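Some notes on the structure that comes next.
The values are calculated or read from the model by the stated rules, or taken from the named source; none is laboratory data. For clarity, every value in this text was computed on a predicted model and none was experimentally measured. Every residue, glycine as well, gets a Cβ built from its backbone with ideal geometry; the counts of neighbours run over all protein chains shown. All accessible areas refer to the heavy atoms of the entire protein, side chains included, with ligands and DNA or RNA removed. Shrake-Rupley method; radii C 1.70, N 1.55, O 1.52, S 1.80 Å.
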Amino acid sequence: MAEFPNVETELMAKSVQELSQKAESKTLLENFMYDVSDGESMNAPVPLLEIPVVDIGLLSCPSASVEEMQKMQSALSSCGYIQVINHGMESSFLDKVREVQKQFFQLPEAEKKIYSKEVNGIQGYGHDHRILSKHASLNWADRLFLIVYPEHGRNLKFWPKNPKAFREVIEEYTEKLGLLTEVIFKAMAKSLNLEEDSFLKQNGEKATMSARFNYYPPCPRPEAVLGVKPHQDASTITYIVQDNELESLQVLKDNQWFKVSIDPHAILLNVGNQVEIMSNGIFKSPLHRVVTNSERERCSLAIFCFPDPEKEIGPVDKLVTESNPRLYKTIKDYVGNHFQRIQQAKTPIEAAKI
């Protein structure tokens with residue numbers, strides 16, 4: 001990372017959007033760059049991975065649900081992603097979700113900073129510029145992070161009042177995802193020949209949902225800078241409303257990076273570490289990253305589903321057999337341990353393995 005006076009102060013004070021617009025930020029840009037001396041370019045062309053489309057309506061239809069569940073089970077056991085359609089939301093509503101977050105990130109910086117996260121806080125507007133190591137490359141992204149469920153967990157001082165429709169749209173989106181999540185968890189369990197509440201029981205009564213609104217400004221060095229570095233999600237499952245046009249999300253499959261296909265009418269779903277643990281490794285939590293673009297900005301919204309932090313999670317008993325031995329420990333508060341291990345530059349799910 002670049003070494004010069006007050007670099008950390010400078011990085012903490014400015015949004016990535018501000019840095020992208022200032023010529024004098026070239027030195028600061030070094031703090032985002034990866035070593036590409038071996039010739040590997042972060043934005044080199046990669047193959048497209050067509051993510052399987054799963055029709056939620058068919059999951060509840062007895063005549064077709066077996067085939068649809070098998071399709072879902074196969075996808076979540078290989079690439080860890082599905083595109084969910086017939087999810088109970090019109091395409092026009094998903095466009096509203098995209099629009100309110102885009103409008104927020106287009107506000108003047110001073111107005112956005114009204115919602116800045118507090119020191120050592122998580123919720124609010126900001127970035128991920130906590131410099132954990134002098135050798136850690138930073139993410140080229142600004143974000144707004146909010147707890148959206150349960151309602152009493154929301155801190156409304158971080159919820160933008162502008163655009164005016166923001167709160168109404170995100171509350172409705174959260175409510176609809178809550179209904180969808182129950183259907184998804186039941187279908188996942190049934191696809192493995194389990195009781196339909198097998199994953200729901202581990203989720204507990206105090207499950208939560210958090211939203212991360214991501215903004216990726218144009219980047220002058222896309223070959224050496226990532227929007228988000230490679231990682232797995234600490235969630236049970238994650239829902240993503242993708243940008244309609246830029247295929248910037250990439251997944252590692254069979255030791256090769258693929259760009260994830262876009263379906264503007266679908267909600268992208270990926271397995272998180274905690275469902276990989278519950279399924280005893282059958283469902284795969286994918287390693288993924290976001291690449292940058294030199295000319296165009298990009299927005300996305302990820303909703304992370306987490307179980308009750310006081311509940312212990314572990315492989316469902318019926319999935320542990322002689323031929324398929326137990327792979328993971330029973331653990332509690334996986335999320336807290338997840339971020340602690342990230343700060344230690346370790347792979348969090350490795351700590352849960354037996």
So the compactness index of segment 73-227, its C-alpha Rg divided by 2.2 N^0.38 Å, takes the value 1.22
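Taking 4 °C and 1.567 mPa s as the conditions, I'd like the Stokes-Einstein D for segment 229-278 in µm²/s, using the Kirkwood hydrodynamic radius from alpha carbon pairs.
Values: Rh = 12.0 Å.
It diffuses with D of about 108 µm²/s by this estimate.
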From the phi angles alone, apply the Karplus equation (6.51, -1.76, 1.60; θ = phi - 60°) to segment 146-155 and give each ³J(HN,Hα) in whole Hz, x where the residue is Gly or Pro. 9, 7, 10, 8, x, 4, 6, x, 6, 10
Kirkwood radius from Cα pairs of the chain plugged into Stokes-Einstein at 10 °C, 1.306 mPa s, gives D in µm²/s equal to 75 µm²/s
The chain: most fluctuating residue of Gln70, Gln106, Gln17 per GNM, C-alpha cutoff 10 Å: Gln106
Once both axes come from the Cα atoms, what is the angle between helix 334-343 and the longest principal axis of the chain, in degrees from 0 to 90, rounded to 10? 40 degrees
Using amide H atoms built in the peptide plane, which far-off residues or other-chain residues are under 5 Å from Val148 H to H? Met209, Ser210, Ala211
Along segment 90-107, what does the Karplus equation 6.51 cos²θ - 1.76 cosθ + 1.60 (θ = phi - 60°) give for ³J(HN,Hα), rounded to whole Hz, x for Gly and Pro? 5, 4, 5, 6, 4, 5, 5, 4, 4, 5, 5, 6, 5, 4, 4, 5, 8, 5
Folded to 0 to 90 degrees: helix 62-78 orientation relative to the chain principal axis, Cα: 50 degrees
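Could you work out [θ]222 nm for the chain from helices alone, using -39500 (n - 2.57) per DSSP H run of at least four and dividing by all its residues? Round to the nearest 500 deg cm²/dmol. Could you put the intermediate results ahead of the total?
Details: 11 runs with 104 residues, N = 354.
Rounded to the nearest 500, the figure is -8500 deg cm²/dmol.
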With a point put 7 Å past each Cα toward its Cβ, work out how far Glu182 is from Ser63 in nm, to one decimal. 2.6 nm
Can you pull the Rg over Rh of segment 207-354, Cα-only, Kirkwood? 1.00
GNM result for the chain, Cα springs below 10 Å: residue of Gly126, Gly178, Gly227 fluctuating most strongly: Gly178
How large is the charge dipole for the chain, taken about the Cα centre, if only the Cβ atoms of Lys, Arg (+1) and Asp, Glu (-1) carry charge, to the nearest 20 debye? 620 debye
Integer Hz, Karplus 6.51/-1.76/1.60 couplings in order for segment 290-296, x for Gly and Pro: 10, 8, 9, 9, 7, 10, 10
On a 0 to 90 degree scale, rounded to 10, what angle separates helix 166-191 from the longest Cα axis of the chain? 40 degrees
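What length, rounded to one decimal in nm, is gained on full extension from Leu287 through to Glu205, with 0.36 nm per residue of separation minus their alpha-carbon distance? Spell out each step's value before the answer.
Values: separation 82, 0.36 × 82 = 29.52 nm, distance 2.87 nm.
So the chain would gain 26.6 nm between Leu287 and Glu205.
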Considering all projection directions equally, how large on average is the shadow of the alpha-carbon convex hull of segment 65-121, in square nanometres? 7.1 nm²
For segment 149-179 versus segment 206-267, the gap between their alpha-carbon centres in whole angstrom: 21 Å
accessible surface per residue for the chain, probe 1.4 Å, DNA/RNA/ligands not counted, whole Å² -> 47 Å²
Return the carbon/sulfur percentage of the accessible area of the chain, one whole number, probe 1.4 Å, all protein chains in place. 50 percent
With DNA, RNA and ligands ignored, accessible area of Arg212 (1.4 Å probe; Å², nearest 10): 40 Å²
